[in-house]
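The values are calculated or read from the model by the stated rules, or taken from the named source; none is laboratory data. Only a predicted model underlies this, so the values are computations on that prediction, with no experimental measurement involved. As a convention, Cβ positions derive from the backbone with ideal geometry for all residues, glycine included, and neighbour counts pool all protein chains shown. The protein model used for the area step is the full one, side chains on, heavy atoms only, and it has no ligands, DNA or RNA in it. Shrake-Rupley method; radii C 1.70, N 1.55, O 1.52, S 1.80 Å.
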Amino acid sequence: MSVPPSTRTVLGPRRRLRRLATALTLTAVAISGTAVVATTSTASTAAAGSAGSGAGWDLVDTEDFSRLDRDRWHVYDGRTMAGNDTARPWRVRVHGGALRLTSGRDGAARWSTGTVGGWSWAAANRSSGRIDMRVMTGRGSGVASNLMMWPDAQVGPPALELYASPPTWAARKRAQQATHFVDAEGVNRTRATTRRANFTTWRTVSVRWSAESVTYLVDGVVTRVDTAPELLPKGRLWPLLRSSVHRDARGRLPRGAAGPTTSVDWIRVYEWNPGEDTPIEPEGPTTPPTTPPTTPPTTPPTTPPTAEPTPETPTTPPTTPPTTEPTPETPTTPPTTPPTTPPTTPPTPEPDPEPGWQSVGRDDFDGTRLDTSRWTTFSGTPGCCRDTVWAGDQVEVSNGELVLHNRLTPNGWRSGGVGGWKWKATVQQYGRIDARMRFDKGRGFSAAALTWPADNTWPPELDFYEIYETRGERDMMAQSTHYKKPSSSTGRGVDQKFNSGYDFSKWHTISVRWSADELTYWIDGKKTHTVTDRAMIPHTAMWIGFQTHTHQIAGAWPTMPSGQDTVAFRVDWVEVFTKK
C-alpha cells in the first residue's frame with residue numbers, strides 16, 4: 001500500500017530557479033566529468049522486474065505516473081548547460097502509465113529534450129533510503145538518458161546515478177550506474193560500473209544508501225558497492241530524470257533522435273525498518289524531516305547489509321539441469337589436510353526425528369567421491385551471481401563432508417555447487433529437509449541451501465540457508481520463500497526471516513518443513529519462522545541444491561583469509577523425510 005507523504009515542500013520562484021540552474025550545471029559536469037570506470041561483462045539471466053520490498057524495507061511512497069503530478073515534479077524549460085539542446089515541457093509527457101522523456105528537432109535545427117526534477121516530492125527527498133525505478137530506452141545515438149538522485153543545491157555532490165545510457169551506446173545493450181563526487185583536489189570525478197543487458201526492454205534499477213555505503217542494483221543483482229567517505233552523500237538527494245543531446249567525436253549533432261525515448265514505468269521509495277529480527281540497530285531517525293536541512297543530519301540511520309541481494313533474484317542453478325557431470329576446467333590439487341581448523345566446541349546435536357516423519361533418503365557424504373547417481377555438479381555462471389563461475393573441480397567429498405570450495409585458480413576465482421534432481425526419492429512436493437552445515441568465514445563469498453522446482457519454472461524457491469557475501473563473520477543467515485505474486489508488477493514476491501545471534505561458521509542443523517497449509521523453518525530444532533499463506537507455499541515437486549559463490553565488493557575481488565586456501569561451504573549430512 002502506498003503511503004502518501006504527510007507534507008510537501010513548496011518552493012518559491014527564486015529557489016526553484018536556483019535549483020534548476022544548479023541541477024543543470026552539475027548534471028552537465030556529471031555527464032562529461034572524468035570517469036574511472038570498472039566495467040564488468042554481466043549479461044544477467046536473472047529475471048527483470050521490481051527488486052521487491054524485501055525484509056526490513058518499508059515502502060514509503062510510489063509514483064506510478066498515471067498523470068504528471070506537478071506537486072511533485074518540476075518540468076524544466078530552458079537551455080541546458082551542455083549547450084546542444086533546450087529542455088522543453090512538450091518533451092515530457094505521461095502516456096500508457098509511464099513517464100516519457102523524448103528528444104527531437106524543433107524547427108531551425110534546434111534540439112529539445114525532456115527533464116524533470118522531483119525536489120518537491122517530500123517522500124523521495126531523502127538523506128538515506130532506497131529508490132527503485134523501472135526504465136527502458138529506445139535505440140538511437142546522440143541522446144543520453146540519466147536517472148539520478150541529485151544532491152540538494154545546499155550540499156553539492158556526491159550524486160547517485162541509478163541509470164546512465166550514454167549517447168554513443170545506440171543499441172542500449174548496456175548501461176552504467178555511477179557515483180559522481182569531488183576529489184581532494186576539487187576535481188569532479190565518477191566511479192562507475194557497466195551492466196550488460198537489453199535496456200530497450202523494461203529493467204529495474206535501484207540504489208540504496210546510508211552514511212556508510214551506497215549499493216547499486218540492476219534487476220536485483222548488485223553491480224557495485226561504494227564505501228569510501230568521498231563517495232557517500234552528505235545531505236538530502238532528490239530524483240532527477242533527464243535526457244540530453246550530445247555531439248559525436250567529429251562535433252556533429254545526431255541527425256534524428258525519435259527513437260531514444262526514455263520511459264519510466266514507476267518509482268518506489270523505501271526506508272529501512274530495523275525491526276526486531278534484523279541484525280542492525282538504528283542510530284537515529286529513519287523518517288526525514290519535512291524541510292531539507294542545511295547541514296547533514298548528525299545521526300543518520302544505519303543501513304542494512306549493503307550487498308544483500310534483492311529477494312526477487314533467483315539464487316540458482318542452470319536453466320536446464322546438465323545430463324552429465326561437466327569436465328573440470330583446470331584441475332587444482334585439493335588440500336591434503338582440512339584448510340580450516342574445526343570448531344573446538346562440540347557439534348550441535350541433531351534433533352530427534354519427530355513422530356509422523358519417515359526418512360526417504362540420507363547422504364552422510366562418506367567416502368572420497370561424490371555420489372553422481374544423486375548429485376550433479378554445477379558449471380558456468382548463475383543468474384544470481386554474475387561474478388561467480390561454477391566448476392566441477394571445486395566440489396569435493398572428504399572427511400565425511402560435502403565441501404563446496406571458493407578458490408583462486410590459474411583461471412580466476414572458481415566456486416562449487418551441486419543439485420540433487422537425479423536423487424528421485426527426495427524430489428517431492430511436500431516434506432522435510434534437514435541438513436547440518438557450516439560456512440567458513442570470509443567476506444566476498446556467499447552460500448545457499450535451497451529447493452528448486454523440478455519443472456524448472458521459477459518461482460517457487462525455498463532458501464532454507466542463505467548467507468550473504470557481506471556477512472564475512474557469518475553472524476546472520478536468511479531463510480527466504482520466493483513465490484508467485486500476480487498482483488505485483490513482476491508477478492513475484494518474497495518472504496524473508498533474518499536470523500542473528502548465531503555463528504554460522506560453526507555447525508548448525510537447519511531444517512525446512514512444508515505441507516499444503518504450512519511452511520516452517522528451523523535452526524537446531526528450534527522453529528524460527530512460519531508461513532501459512534497458501535499462495536506463498538510451493539505446491540510442486542522440488543529438488544535440493546547446495547551452492548556457494550564468489551563476489552566483487554566495491555569493484556574489488558575478495559582476499560583469501562590468512563592461513564586458508566579456500567572459503568568452503570561444508571555439509572556434514574542431509575536427510576529428507578515425508579509424512580507417514
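Summary of values
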| read-out | value |
| --- | --- |
| Label point distance in nm, E212-E230, each placed 7 Å from Cα along Cα→Cβ | 2.3 nm |
| Accessible area in square angstrom per residue, the range 146-239, 1.4 angstrom probe | 28 Å² |
| Spin-label model distance (nm) - E185 vs A171, 7 Å beyond Cα toward Cβ | 3.6 nm |
| ³J(HN,Hα) computed for each position of the range 532-538 - Karplus, 6.51 cos²θ - 1.76 cosθ + 1.60, integer Hz, glycine/proline x | 10, 6, 4, 5, 8, 8, x |
| The range 371-443 shape via C-alpha gyration tensor axes, a/c threshold 1.5 | prolate |
| Cα gyration tensor shape of the range 175-218, rounded if a/c is under 1.5, else prolate or oblate by comparing a/b with b/c | oblate |
| Under 5 Å, built H, 5+ apart or other chain: amide partners of M560 | none |
| T532/R443 FRET efficiency (R0 35 Å; Cβ-Cβ; nearest 0.05) | 0.45 |
| Note, ³J(HN,Hα) from phi for the range 412-421, Karplus 6.51, -1.76, 1.60, rounded to Hz, x at Gly and Pro | x, 5, 10, 10, x, x, 9, x, x, 5 |
| Computed lengthening from S562 to D455, 0.36 nm per intervening residue step minus Cα-Cα distance | 34.3 nm |
| Cut-off under 5 Å, modelled amide H: who pairs with E212 long-range | T303 |
| Cross-link pairs beyond the 19 Å C-alpha cut-off, checked among K424/K484; K424/K506; K497/K527; K173/K485; K506/K579 | K424/K484; K424/K506; K173/K485; K506/K579 |
| Efficiency of FRET between L408 and D366 - r from beta-carbon atoms, R0 22 angstrom, step 0.05 | 0.15 |
| Karplus 3J(HN,Hα) series, Hz, for the range 168-185 with 6.51 cos²θ - 1.76 cosθ + 1.60 (x for Gly, Pro) | 8, 8, 5, 6, 6, 8, 7, 8, 10, 10, 8, 10, 9, 8, 10, 7, 5, 8 |
| Computed label-point distance, nm, for sites S515 and D64 using a 7 Å Cα→Cβ extension | 3.8 nm |
| Accessible surface, per residue, of the range 382-423 when the full set of protein chains is kept, probe 1.4 Å, Å² | 25 Å² |
